[in-house]
Amino acid sequence: MRKEMFQHEISVLRDTFRRLIRRHAKTNITKLITKTHPADMAVLYRFFTDMEQKTLFDLMMDTEQVSEFLTELDEPIILNLIGDEPPEKIAKLFQKLGVNDQADILALFSDEKTQSVLDLLNAEKQEEVEEIMSYPVDSAASIMTTDIFTLHQNTVAYEAIKELQKQEKSEMVFYLYITDDDNRLTGVISLRDLVTTPPETSLVNIMTKNVVSVRPETDQEEVAKIVARYNYLAVPVVDMDDSMLGIVTVDDVVDVIREEATEDFLQMAGAGKDREILLKSSWENVKSRLPWLFASWVGGVLAAFIIGKFEHMLETTVALAAFIPVIIGMGGNVGTQSSTIVVRGMATGRVEAGGELKLVYKELRVGLILGVLYGMLLGVFTLLPFIEAPASLGIIVGLSICSSMLIASFVGTVVPLVLQKIDVDPAIATGPFVTTSIDILGVTLYFLIASVVSGVV
């Protein structure tokens, strides 16, 4: 019900904005923009034409919402809005954005344009943005916030509260990070602990000293795992000397989890890894999916070649051909299920080093049980009166489906484990490799079993 209400509200807002744009009612548009949440505006922008997007953004430039709005937008839309704008206008817009958001947007531009914008920023901001951009794209530094608030460990509680009350721009004050004389991170205190402790208590006596932190080059997916594991609201980012560089907050981690999950699912389906693929053109979609489909094409050609080699067997037992799609389809489904479970387990940290053999054995048992059940079911099906075939067909089909599902579960489990061992992303190569290999192995086994059981070679 809530989803339907939200969709209805978005639809009404979209139609209202379009009506006001046609009437050139700029004052009313501005009022409606200020009343609409930036996240909702970002959703609305997916339904507007380029002209409508530009018109609304020009009116939004001077509002307080523009900074949060830009952080919610899809990357292709950001490029459409400000990609062709002069550096001076972009630099003016950056005054409303945080350093990490500036770095994210500049990463979308060419090197020449990025440098032109950076030259217009003040020296301090320029240095901060360049430092963030020097780290890998999907690292902790790329999503950290540098507007942080720290306290010295010898500060007493009531002084800490006074200092906290003076802070307006600091991000995420639910945690207070404590440093020593060398500005090294030594502890952390929750806001609740601070306000419930006696006023004269020194922070060093109430802080938690075992602080979980990350390096700036740590992969953002690892940061997300830490936040999920410990239920933190933020994670500090420290350099080699344990000096604080910034924090990664839970709202950024939620975005990371969504983006990484989307990327993994797209890659496993062989649709590339561009998270904004729905906003790309048809030709761009074709280019991202073409290489992965080629792997399936190769598998299909090899399977056809194998079937051709057993053409004489099909001539003597025509009913064999009717069950080829079942053998391939069932094996492919089991392999895909096993590989999806394993890849997802890796992404969530549930597949740990040392437990690989146990996982393989478990999936083999699952494949065997499923194979026996469906092998018996399919074997009985071959006895139906409308299927004119020898009695041995039931044994052939039953053994083939059992073997195919057993091998499929093995391949679907082992392939992502092996790919991880050789530092190849399992989400990228598992899908095409598993389906292609199972198609070839399934057909080969089918005809080999048929030749042994029926005696036709």
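Is it the case, given these coordinates, that residue 81 is crowded, with 19+ Cβ neighbours inside 10 Å, assigned by TED's automatic domain parsing to the domain that holds residue 7 and over 27 Å from the mean Cα position of the chain (by Cα)? In short, no.
Selection within region 158-173: residues that are surrounded by fewer than 16 Cβ atoms within 10 Å (Cβ to Cβ) and more than 21 Å from residue 198 (Cβ to Cβ). The member of this set that is modelled with the highest pLDDT is 166. When restricted to residues that are among the small types (Gly, Ala, Ser), closer than 16 Å to residue 137 by Cα and either touching a Ser or Thr at 6+ places or on another chain (Cβ under 8 Å) or surrounded by fewer than 20 Cβ atoms within 10 Å (Cβ to Cβ) (or both), region 207-237 contains 0. Suppose the filter is surrounded by 13 or more Cβ atoms within 10 Å (Cβ to Cβ) and touching a residue at least 40 places away in the same chain (Cβ under 8 Å); does residue 46 pass it? Criteria met by residue 46.
Screening region 126-231 for helices (runs of 4 or more DSSP H) wholly inside it with 3 or more residues that are in contact (Cβ under 8 Å) with a residue 40 or more places away in the chain and more than 24 Å from residue 252 (Cα to Cα) returns the ranges 157-166. Filtering region 32-53 to residues that are among the charged types (D, E, K, R) and at pLDDT below 90 leaves 35, 40, 46, 50.
Output yes when any residue across region 52-63 is assigned by TED's automatic domain parsing to the domain that holds residue 133, among the hydrophobic types (A, V, I, L, M, F, W, C) and closer than 25 Å to residue 140 by Cβ, and no when none is. Taking every residue of region 52-63 in turn, none turns out to be assigned by TED's automatic domain parsing to the domain that holds residue 133, among the hydrophobic types (A, V, I, L, M, F, W, C) and closer than 25 Å to residue 140 by Cβ. Inspection of region 100-110 finds no residue satisfying the criterion of being closer than 17 Å to residue 235 by Cβ and among the β-branched types (Val, Ile, Thr).
The values are calculated or read from the model by the stated rules, or taken from the named source; none is laboratory data. If you're wondering where the values come from, they're calculated on a predicted model, not measured in any experiment. Every residue, glycine among them, receives a Cβ derived from its backbone with ideal geometry; neighbour counts consider all protein chains shown.
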